[in-house]
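In what follows, a structure is listed as structure tokens, so that the remarks can point back to it.
The values are calculated or read from the model by the stated rules, or taken from the named source; none is laboratory data. Predicted model only: the values in this text are computed from it and were never measured. Every residue, glycine as well, gets a Cβ built from its backbone with ideal geometry; the counts of neighbours run over all protein chains shown.
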Amino acid sequence: MEDVLLLIVITYGISLSLGYLLQKYLKIPWMFAALFFGIIISAFGFFASSIKSEPFELLATLGMLVILFMIGFNLELKEIRRLKNYIFLGTAFIISLEGFSGSLLLYFGFPAEVNNSFLIALITALSFATVGEAILLPILAQFNVVNTTFGQLTLGIGTLDDVIEVLMLALVTILPTFLPQAQVQNFPNPLLVFFALGGIFLLALVIRKLGGRVKDGLKNHKDEEHLTYLLILLIFFSFVALGGIVFEGLATVGAILAGVVTRGILPEEKLKDNEKAINFLGYVFLSPFFFLSVGAKVSITNLLLSPLLIVLIWIVAKGSKLLGSFLLFRKMLGNKYSLLMGLGLSVRFSTSLIVQYILFSSGLISLTLYSALIATAIIMKPVIIGIYSWGLSKEKPP
């Protein structure tokens, strides 16, 4: 236990110091400092027993679940309904192009890394097709281009992408039960998982419909903030527990739906204050342990043995976004900014890491592929963000 506490102290210290430098000078979210630290730990074998211990794994799991809760909490369903057709078209085309080309690469080029399954190859490829709009928003705001066509397209595609990410996480959760290795790993009956998933969705829908009464109750107790905080925790752990009772993987979907439900029942005036508290719990308190766990599972040896896989994944991931954005938006934005938008959309963040983490933890993808996916997400990020910021600084896009 003492070693775990020491690891916690060092993780916070690294997140504070290295994270500050990453965010200030390279525009990389400070949480990635813990991921880099995890890779170093993996390379030198430091704290190996502490990372594998139950207390630390619990912290890492809670970090992942709270991040998923925040994704659900920040889904603007009303905004998505108001999105114009070209945003739906752009999202579908770009993600489909990257998912299809990536799945072909993995299935035909590296079949052993995806258990010789095209479905796993497709899900894996879609995971690196997601958009990290949480990283792009501060950059767009810094150059005052959020309300331009360029900015709205970028954030619109990123917002709609959040819904696709949620659906993909649900698919990843139930995927193991439909594969042959499910019999070996003692996964529950696929029908049981399917009905449990449907039940959680139905419960979330019912609570959202009845949310008006809860809102009125919270409005009448404005001075009793502890009621709101306790209600949020009750919803979060209830949905996580309901999913986890049937199948551990369903806890991830439960966490997302808990976020959606919470946003639907909180009064508007309480959203901002509670969002700050949730962001502190997820981003500051718990997320460093999840990112540390992600980095610690990366194998440096496998990375050195598979440079071709890393390069090909990077080419497919970045090339698909650039090509898709150029074909769809060159007339609207011009050649330069259509390519720049494609470059920005190729930045990935927490959700893709979580999907890949679940795929690897379930034994669906190999350690080599998992390490390559993490590497492609972080190696070129400083370069991409630097070019993106430099391009926006030259002149205001349309």
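Structure notes:
- Single unsatisfied condition, LEU364 versus (1) on the phi < 0 side of the Ramachandran plot; (2) touching a residue at least 24 places away in the same chain (Cβ under 8 Å); (3) assigned to a helix (DSSP H, G or I): (3)
- Subset of the stretch 210-242 (residues that are at pLDDT below 80 and crowded, with 22+ Cβ neighbours inside 10 Å): none
- Any hit, the stretch 10-32, residues being under 21 Å from GLY282 (Cα atoms), charged (D, E, K, R), at pLDDT below 90 and touching a helix residue (DSSP H, G or I) at 6+ places or on another chain (Cβ under 7 Å): yes
- Selection status of LEU308, out of contact with any helix residue (DSSP H, G or I) (no Cβ under 8 Å at 6 or more places or on another chain) and either hydroxyl-bearing (Ser, Thr, Tyr) or closer than 26 Å to PHE108 by Cα (or both): yes
- Residue in the stretch 298-314 that is within 16 Å of VAL131 (Cα to Cα), in contact with an Asp or Glu (Cβ under 8 Å, 6 or more places away or on another chain) and either hydrophobic (A, V, I, L, M, F, W, C) or surrounded by 23 or more Cβ atoms within 10 Å (Cβ to Cβ) (or both) present: no
- Residues of the stretch 132-150 satisfying the condition of being modelled with pLDDT of 70 or more, of a type outside the set (Ser, Thr, Tyr) and closer than 22 Å to PHE93 by Cα: PHE150
- Where a residue in the stretch 30-49 is under 16 Å from TYR370 (Cβ atoms) and in contact (Cβ under 8 Å) with a residue 24 or more places away in the chain and its partner, wherever it lies, is of a type in the set (Phe, Trp, Tyr) and surrounded by 23 or more Cβ atoms within 10 Å (Cβ to Cβ), with Cβ under 8 Å and at least six apart: LEU35/PHE291; GLY38/PHE291
- Residue, modelled with the lowest pLDDT, within the stretch 45-93, restricted to residues that are among the polar types (S, T, N, Q) and within 22 Å of PHE239 (Cα to Cα): ASN74
- Residue list for the stretch 284-319, filter: outside any helix (DSSP H, G or I) and hydroxyl-bearing (Ser, Thr, Tyr): SER299, SER306
- Each residue in the stretch 324-375 was checked for being within 23 Å of the chain's Cα centre (by Cα), of a type outside the set (Gly, Ala, Ser) and surrounded by fewer than 20 Cβ atoms within 10 Å (Cβ to Cβ), and 3 pass.
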